[in-house]
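Below is one structure, written out as structure tokens; comments come after it.
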């Protein structure tokens, strides 16, 4: 049983990455909600419902606040994976810490491609054609609200823990 339980210091070591996940998830949600509110007058609840539609399909849009909260939880979980993948890469390639902006920019583009070419098409989300402003904003959000902040936050966490080279 003790082998299953994480040692206290192990749990504490992950706390900064959990915080980074919440920060980046919030940045991305605020950016996307702001864009859609200005671009199409979409209320913020629809953003959460849209994310939940990846799991629930069109029913998410009839699910009210619970579906929107599910979407926020799913978004945060997915963002945790995205932060974790970058953190593991930075641990293996310390150069990423020194070139945070370029690494974050490239990572944001890569995350956009994976999400839109693989994750969303394999989900239950109902997605139609996307006009160029939506595509451009999606790339912008993935670079400047996801990739670059992740690179900066992970580098800071690694530097504070003494892991950065």
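Structure notes:
- When the range 74-110 is filtered for residues that are within 11 Å of the chain's Cα centre (by Cα), surrounded by fewer than 21 Cβ atoms within 10 Å (Cβ to Cβ) and either at pLDDT below 95 or over 18 Å from residue 158 (Cα atoms) (or both), the ones remaining, listed by number, are 74, 76, 77, 78.
- Any hit, the range 124-140, residues being under 17 Å from the mean Cα position of the chain (by Cα), more than 21 Å from residue 36 (Cα to Cα) and in a helix (DSSP H, G or I): no
- Pairs meeting the criteria (first residue in the range 127-156 and on the phi < 0 side of the Ramachandran plot and buried (at least 22 other Cβ atoms within 10 Å of the Cβ), second residue outside any helix (DSSP H, G or I) and at pLDDT 95 or above, beta carbons under 9 Å, at least 6 apart or on different chains) are 151/99.
- The listed residue being touching a helix residue (DSSP H, G or I) at 6+ places or on another chain (Cβ under 8 Å) and either within 18 Å of residue 35 (Cα to Cα) or not in a loop (DSSP other than H, G, I, E, B) (or both), out of 118, 153: 153
The values are calculated or read from the model by the stated rules, or taken from the named source; none is laboratory data. Bear in mind the structure is a predicted one, so any value in this text is a computation, not a measurement. Cβ atoms come from the backbone with ideal geometry, glycine included; neighbour counts cover every protein chain shown.
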